[in-house]
Structures are given as C-alpha cells and as structure tokens.
Amino acid sequence: MLDIRDWRPDLGEHGKLHVRFGKGSRKRGPKPRLVPAINSVDSLVSWWLTDVRHQFGDDWSNPDAPMLPSERRDPYTGLCGRIGDDSLRRGLANAVALWLPDWSCRLTPHGLRHYCASSLYLRGMDLKAIQEVLGHDWLSTTTRYVHVHDGHVERAWEAANDRVSARLLTGGK
C-alpha cells in the first residue's frame, strides 16, 4: 500500500519510508511509522523511482500513485493499479522455488521479517530500535523475532569485557 509520496529522501541520513498501512497485531488496524533506509535501501528506491517506475505508466510523477504498481490498469482512471499482497507473495514463492528450492514453502514475507530483525541485531542494532523498525508495541514481541546465532553469549561477554577494559585504561571515562 505504498504510494510514491511515502518515500521521504529528505528525512534522516538516507531517507525514510512512511509505512502508513503496516499490519497491526490482532486486527487492531494499521500501524503507521517512519522506517529509516538502511543497507543502501535509499539507492534501491531511487533507482526504482527514476529508472523503472515510469515504465508502468504516465502516473510516475503523481505522488499519490502506487510505488509498486500492477501491470493492470484501473478501469475507471486508466492509471496503474496497485499490486496486491497475493501477487507479491506469489512472486516471492516463485523466486524461492527457482533460486532456493530447499527453502520452498518455508521462506515467506513473515520469515523475512524474522531474518531482518535477526540480521539487524547481529550487526549491533539494539532491540529498542528493532522494535521501532518492525512496529511492535511490546519489546517482548521483538525478542521473539530475533534469533541469535551460536557464539552469541561469548561475543556479548567479550564486548562487555572490552568496554570495561577501555574504561579502566582511560581512567573511568
């Protein structure tokens, strides 16, 4: 449900995506939030909007046009329709079947949310920031999304010891 106006390159260091219709838990309705562009998402969105999106129709400059259009036209306006959830899920399933056959029926959009949360945590993002990105109300929900790898406790212990050593060497500052 993203519109072209939902990409905000003017916000933050690399831009932010305004998620207006994020899934709310337990049918509570949309969960709007601004999600920062990380991992070069800004370059990807800029490429899409400048080099690809215009190929779907003349509404590419309309801020209210869908960011991810369908190839089908709206019968009333003649402009691009919005791609549906089922098409996106089917596209992911087809790509997984073709390129990652061992993951067929196991790699889903929801699984990608878990992978994203785990990857961000592994790279050092704190749980509170991951909670905001995912749009969770409760930190306990976010902790269920983060799957840690073997050696996590050892790395955390080493990092804590490094911080203590640095404080001792600098005189407690």
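Every number in this text was worked out from the coordinates using simple rules, so none of it is lab data. Values in this document were obtained by computation on a predicted structure and should not be read as measured data. Using ideal geometry, Cβ is built from the backbone for each residue, glycine included, and neighbour counts are taken over all protein chains shown.
Kindly provide the chymotrypsin sites (Phe, Trp or Tyr not before Pro) of the range 1-101 that DSSP labels as loop, not H, G, I, E or B, and whose Cβ sees at most 11 other Cβ atoms within 10 Å.
Numbers: sites: Trp7, Phe21, Trp47, Trp48, Phe56, Trp60, Tyr76, Trp99; in loops: Phe21, Tyr76.
Of the chymotrypsin sites (Phe, Trp or Tyr not before Pro), the ones in loops of the range 1-101 whose Cβ has at most 11 other Cβ atoms within 10 Å are Tyr76.
Consider all pairwise Cα distances in the range 86-153 and report the whole-number % of them above 19 Å.
Distances greater than 19 Å cover 43 percent of the Cα pairs.
Among Val35, Trp7, Leu68, whose Cα projects farthest towards the positive end of the dipole of the chain, with charges put on the beta-carbon of Lys, Arg (+1) and Asp, Glu (-1)?
Value: Val35.
I need to check one value: relative contact order of the range 106-173, counting alpha carbon pairs closer than 8 Å and at least 6 residues apart, in percent.
Numbers: 32 pairs, mean separation 18.8, N = 68.
Worked out over the range 106-173, it gives 28 percent.
For the chain, what relative contact order do you get, as a whole percent, if you take Cα pairs closer than 8 Å and at least 6 residues apart? List each step's numbers first, then the result.
On the way: 178 pairs, mean separation 24.2, N = 173.
After rounding, I find 14 percent.
List the aspartates and glutamates whose Cα sits under 16 Å from the Cα of Lys128, skipping any in the same chain fewer than 8 residues away.
Correct list for Lys128: Asp137.
When the Cα centres of the range 22-76 and the range 94-143 are compared, how far apart do they sit, in Å?
The two parts, judged by their Cα centres, are 20 Å apart.
Which value does Rg/Rh take for the range 1-137 over its C-alpha atoms, Rh per Kirkwood?
Working: Rg = 16.3 Å, Rh = 16.7 Å.
So for the range 1-137, dividing Rg by the Kirkwood Rh gives 0.97.
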